[in-house]
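The values are calculated or read from the model by the stated rules, or taken from the named source; none is laboratory data. None of the values given here were measured: they were computed from a predicted structure. In case anyone asks, the SASA skips ligands and DNA or RNA and just uses the protein heavy atoms, side chains included. Shrake-Rupley method; radii C 1.70, N 1.55, O 1.52, S 1.80 Å.
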Amino acid sequence: MRQKEHIHKKIIEASKKGDNRARYELYGLYSKAMFNICYRMMNNREEAEDMLQEAFTQAFTKLESFRYESNFGSWLKRIVVNTCINAINKRKVDLTYCEEIYDYDSEEESNEYEPEYTIANITQAMEQLPEGGRMIFSLYLLEGYDHGEIAQILKIKESTSKTQFMRAKRRVVELLKQTHGDAMDKI
């Protein structure tokens, strides 16, 4: 069986040979999506820009190791996520998980109206989450990692990842209700 041809193989091969125009083209193809990942993880535009540059520098350094066994975007995304996590770990800030900050009454939630979910609303609410909850929420919901992968990346238990995701999700809903409370009262 013939292996599927990678969509950007010519550009990647030229980049491997040191062609700076090809590298610039790869950067142009992937930088916006990778910046969005950096921004969601770092929650700060300047840090996200720094992480994006660092991740692309690492990717170009490691480009010879890319073997077309996966999509280039997936390979690059893994480098971006790891770069952000390493930067966060270097800050030597303990991740503050939602359970340490918020107490929830699950019965109270069940009878309430759920707010309108839009990308802008959710992103704004996400930015208000504590770092640990925001990272897990972003990795699971937006980046598509499963809880086992998140546990490995963050060096936590899988059950902690699941719990923190649920708490972060509840907090996002709570924040959306607070922000859009007037609109919900009219319904």
- Note on the structure: With every protein chain kept in place and a 1.4 Å probe, the residues THR61, THR160 fall, from largest accessible area down, as THR61, THR160
- Query: Lysine pairs, Cα distance under 22 Å, 8 or more residues apart or cross-chain: how many in region 1-73?
  - Reply: 10
- Straight-line reach from LYS90: which lysines have a Cα under 19 Å away, not including same-chain ones fewer than 8 places off? LYS155
- Taking θ as phi - 60°, what are the ³J(HN,Hα) couplings along region 147-156 by the Karplus curve (6.51, -1.76, 1.60), each to the nearest whole Hz, with x for Gly and Pro? 5, x, 5, 4, 4, 5, 4, 8, 6, 10
